[in-house]
Amino acid sequence: MNTTGFIRGYMSKNMAGEDFIGVVVSALNREFEEIENGVKLDKFNDKFVITMDGYSLTLSKELINSLKSPYGIDKYILEEFEKQGFEVDRNRSQYIQYCFGNYVGDQVL
C-alpha cells in the first residue's frame, strides 16, 4: 500500500484525535486485509478499543492526542500488538516502513 507522509502530516495536524484514529484504523485494515474480521474500532465514552486477530488495545482520547503525528498512533498500535505476540514484518510495505521510521524516499533504512 503506497501512502504519503505529507498527506498524513496534514491530516494529523488538522483532524480531531477522534476522527484521526478512524483514519489510522482504516489504513491498518487495508494493510492487514488478509486478517479475518479485519481491524475493528469501538468507542466507549472517551476510550477507543482496537481489536485485530485476537489482539486488543484500549486508547484514551488523551493518549491519542499525545501520539497524534503522521504515523505515531499507527506505530504505537503495532508495537503494542507486537508486545502481545503479533508478528509484524517491518519491511512488509511502504506504509509499515513509514510507521517504524525506516523509509526515506526510495531507500529502506
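The values are calculated or read from the model by the stated rules, or taken from the named source; none is laboratory data. Just so it is clear, the structure is predicted and the values come from calculations on it, not from any experiment. Neighbour counts run over all protein chains shown; Cβ positions are idealised from the backbone, glycine included. Areas reflect the complete protein model, heavy atoms only, side chains present, ligands, DNA and RNA absent. Shrake-Rupley method; radii C 1.70, N 1.55, O 1.52, S 1.80 Å.
Output yes when any residue across segment 77-96 is among the basic types (Lys, Arg) and over 22 Å from Ile7 (Cα atoms), and no when none is.
Within segment 77-96 (the criterion being among the basic types (Lys, Arg) and over 22 Å from Ile7 (Cα atoms)), the answer is yes, since at least one residue qualifies.
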Output the residues belonging to segment 50-83 that are farther than 17 Å from Cys99 by Cβ and touching a Leu at 6+ places or on another chain (Cβ under 7 Å).
none
In segment 1-28, residue surrounded by the most Cβ atoms within 10 Å (Cβ to Cβ) [restricted to those that are outside any helix (DSSP H, G or I) and either touching a residue at least 12 places away in the same chain (Cβ under 8 Å) or of a type in the set (A, V, I, L, M, F, W, C) (or both)]
Thr3
I need every pair where a residue in segment 62-85 that is under 16 Å from Met11 (Cβ atoms) has its Cβ under 8 Å from the Cβ of a residue that is assigned to a loop (DSSP other than H, G, I, E, B) and open to solvent by 50 Å² or more (accessible area, probe 1.4 Å), sequence separation at least 6 or different chains.
Tyr71/Gly101; Lys75/Gly101
